[in-house]
Amino acid sequence: MARPDYYAILGVPRDADAAEIKRAYRRVALESHPDRFPDDDDAHERFRLASEAYEVLSDPAKRSRYDSSRIIPDAIDLTRPPSVATARDLFGNLFGDVFGSRRAKRRKGRDIRYTLSVTLADVVLGSTHTISFEGRGACERCEGSGREPGGREPIECPNCGGSGEVKTGGLLSRRSRCGRCDGMGMIQQDPCTACRGRGVRKRQRSFDVRLPPGTEAGSEKILRGEGEPGRFGGEAGNLRVTINVRPHRWLRREGMNLVARIPVPISRAALGGKIPVPTIDGWVDMDLPAGVASGAKLRLRGKGVPDSRGGRGDQLVEIHVETPKLPEGSRSRELLLELDRAMAREGVLPEHAELVAALEAHEAQREGN
Ligand SMILES: [Zn+2]
Ligand SMILES: [Zn+2]
C-alpha cells in the first residue's frame with residue numbers, strides 16, 4: 001500500500017529543512033488538536049496524520065528511508081514489469097488529476113441527511129414536524145466565512161499556488177491534496193478563532209418540516225441552503241430529509257387509495273350487518289352485505305389519499321373471513337356441527353352442493369362400469 005504523502009500533509013516542499021518541518025507541524029497541530037476540537041472527526045484525522053508525518057520527517061534516518069521508499073515503493077517488484085492493475089494501484093487517479101481541471105476555490109458545503117419517521121396519517125393527511133439534531137452549521141462567530149471578524153481577506157495558498165494540489169517529486173510523480181490549504185487553494189490570513197477558519201461548527205439545529213397531504217413514503221424533502229456552509233464563497237449545502245413511514249396495523253397505501261384488510265367472523269359474513277373499519281380519519285361502521293365472500297373488495301368513497309386538486313381517492317376494504325379454530329367440547333364447535341348439517345339439508349351452499357353432486361355422479365358411473 002502506498003504511504004501517505006507526508007510532505008503534502010504538512011504542506012512543506014520536499015527539500016524542507018528540520019526547522020520548516022517543525023513549524024509546519026506546529027501549525028497543523030494547533031489547527032487540529034483534539035483538545036481544542038473534541039467533536040471534530042476531520043480534525044482528529046488531520047492531527048493523527050500530521051503527527052505521523054512529523055514523526056517520520058523529523059527523524060533523518062526515517063525520513064531518508066521514507067524518501068527512498070516513495071521513489072521505489074516496496075510494493076513494486078522491479079524484476080518484473082508491473083501489470084496494469086499494479087500500475088493503477090500505484091498511480092491511483094494520476095491521470096484524472098493530470099488532465100483534470102484546477103480545483104475550484106469555492107467549495108460547496110456538504111449536504112446533511114436526516115430520516116424523519118412519521119405515521120401513515122401524517123403523510124396522507126399532511127402534517128408539520130419539528131426536527132432537531134446536532135449537526136454542522138455555519139459558525140456564528142464568522143457567519144460561515146471562516147474569517148475572524150475584522151480580519152484580513154483570504155489569500156491564495158502560497159504552498160500550491162492556488163491549485164489545491166502539490167506535485168510530489170520523484171520517479172512516480174503524482175499530485176496530492178495540499179496540506180497547507182486542505183485542497184482549497186485559499187487560506188485565511190486571520191482564521192476565525194471559534195472554528196479555526198473552517199466556517200462550520202457543530203451545534204444544535206432545528207427545523208420545521210411540512211409534509212403536504214399525499215406525501216409519498218420514501219420521498220425526500222430538500223431544505224435548500226440548510227446544509228453545511230460553503231467555503232470561500234461557495235454555496236451552502238442542502239438539508240435532505242427522507243420521509244420514512246411506519247407501517248399502519250390495518251391500512252396500506254396503493255397509489256391514491258388506501259386498502260384495509262378486515263377480518264370478519266364467518267357468521268357475520270353470512271348474516272351481514274355492521275362491521276367496524278379503521279380509516280385514516282378514524283373508525284367507521286361499515287354496512288356488510290349478507291353472504292359476502294372472503295376476498296371481496298368493498299369501497300368507502302373519498303376516504304383515500306387527497307390529491308392536489310381537492311379530490312380524494314377511496315378506501316378499499318378487503319374482506320377476510322376469519323375461520324375459527326374450535327376447541328374440542330366447546331359450545332361454538334357444537335353449534336357449528338349443527339349448522340353444518342342444517343346447511344346441507346337446506347341447500348344454502350349452492351356451489352358446495354354442486355361439487356358434492358359431481359362427486360356422487362362420478363362414483364355412480366364407476367360402480368355402473
Ligand atoms: Zn468561525
Ligand atoms: Zn495549498
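The values are calculated or read from the model by the stated rules, or taken from the named source; none is laboratory data. Predicted model, so just to flag it, every value in this text is computed and none were measured. For neighbour counting, all protein chains shown are included, and Cβ atoms are generated from backbone atoms with ideal geometry for every residue, glycine included. Heads up: the accessible areas ignore ligands, DNA and RNA and are worked out on the full protein's heavy atoms, side chains in. Shrake-Rupley method; radii C 1.70, N 1.55, O 1.52, S 1.80 Å.
Report the label-to-label distance for MET343 and ARG246 in nanometres (one decimal), using points 7 Å from each Cα along the Cα→Cβ vector.
Taking the simple label geometry, MET343 and ARG246 are separated by 4.0 nm.
Does anyone have the angle between helix 350-368 and the longest principal axis of the chain? Alpha-carbon axes, 0 to 90°, nearest 10?
Tilt of helix 350-368: around 70 degrees.
Please give the length that would be gained between ARG63 and ALA217 if that part of the chain were fully extended, namely 0.36 nm times their separation in residues minus their C-alpha to C-alpha distance (nm, one decimal). Numbers along the way, then the final one.
On the way: separation 154, 0.36 × 154 = 55.44 nm, distance 5.66 nm.
Contour length minus Cα-Cα distance gives 49.8 nm.
Percent antiparallel among DSSP beta bridges with both residues in region 216-369, to the nearest 5?
Just about 70 percent of them are antiparallel.
Can you say what percent of the DSSP beta bridges in the chain, counting only those with both residues inside, are antiparallel? Round to 5.
Looking only at bridges with both residues in the chain, the antiparallel portion is about 75 percent.
Beyond a 30 Å Cα-Cα separation, which of these cross-linked pairs lie in this structure: LYS62/LYS202; LYS108/LYS221; LYS22/LYS167; LYS221/LYS297; LYS108/LYS167; LYS303/LYS325?
Among LYS62/LYS202; LYS108/LYS221; LYS22/LYS167; LYS221/LYS297; LYS108/LYS167; LYS303/LYS325, the Cα-Cα distance tops 30 Å for LYS62/LYS202; LYS221/LYS297; LYS303/LYS325.
How many nm is it between the label spots at THR128 and GLU143, if each spot is 7 Å from the Cα in line with the beta carbon?
2.8
Between the DSSP loop rule and a limit of at most 12 other Cβ atoms within 10 Å, which trypsin sites (Lys or Arg not before Pro) in region 152-233 are left?
On the way: sites: ARG152, LYS167, ARG174, ARG175, ARG177, ARG180, ARG196, ARG198, ARG201, LYS202, ARG203, ARG205, ARG210, LYS221, ARG224, ARG231; in loops: ARG152, ARG180, ARG196, ARG198, ARG224.
Sparse-neighbourhood loop trypsin sites (Lys or Arg not before Pro): ARG152, ARG224.
Whole number in Å², please: accessible area per residue of the chain, 1.4 Å probe, ligands, DNA and RNA not counted.
Values: 22450 Å² over 369 residues.
Result: 61 Å² per residue.
Enumerate the calculated ³J(HN,Hα) couplings along region 21-31 in order (Karplus 6.51 cos²θ - 1.76 cosθ + 1.60, θ = phi - 60°), each rounded to whole Hz, writing x wherever the residue is Gly or Pro.
5, 5, 4, 4, 5, 4, 4, 5, 5, 5, 7
Taking H placed 1.01 Å from N in the peptide plane, check which residues at least 5 places from LEU251 or on another chain put their amide H under 5 Å from its amide H.
For LEU251, no residues qualify.
Does region 126-195 come out rounded, prolate or oblate, given a ≥ b ≥ c as the square roots of the eigenvalues of its C-alpha gyration tensor, rounded meaning a/c under 1.5 and, failing that, prolate meaning a/b above b/c? Intermediate values should be presented prior to the final figure.
Values: a/c = 4.10, a/b = 1.73, b/c = 2.37.
Since a/c reaches 1.5 but b/c is at least a/b, the shape of region 126-195 is classed as oblate.
So which GluC sites (Glu not before Pro) in region 269-335 are both in a DSSP loop and have at most 14 other Cβ atoms within 10 Å of their Cβ? If you can, show how the numbers build up before the last one.
Numbers: sites: GLU318, GLU322, GLU328, GLU334; in loops: GLU328.
Sites meeting the loop and neighbour criteria: GLU328.
What ranking do 25-34, 288-297 get when scored by the average of other Cβ atoms within 10 Å per residue, highest first?
Ranked by mean Cβ neighbours within 10 Å, highest first: 25-34, 288-297.
Could you work out the Rg to Rh ratio of the chain, with Rh taken as the Kirkwood radius (inverse of the mean 1/r over all Cα pairs)? Write down the numbers at each step before the final one.
Numbers: Rg = 36.4 Å, Rh = 28.0 Å.
Taking Rg over the Kirkwood Rh, I get 1.30.
Can you list residues from other chains, or at least 5 along the same chain, whose modelled amide H is less than 5 Å from the amide H of VAL321?
VAL264, SER294, GLY295
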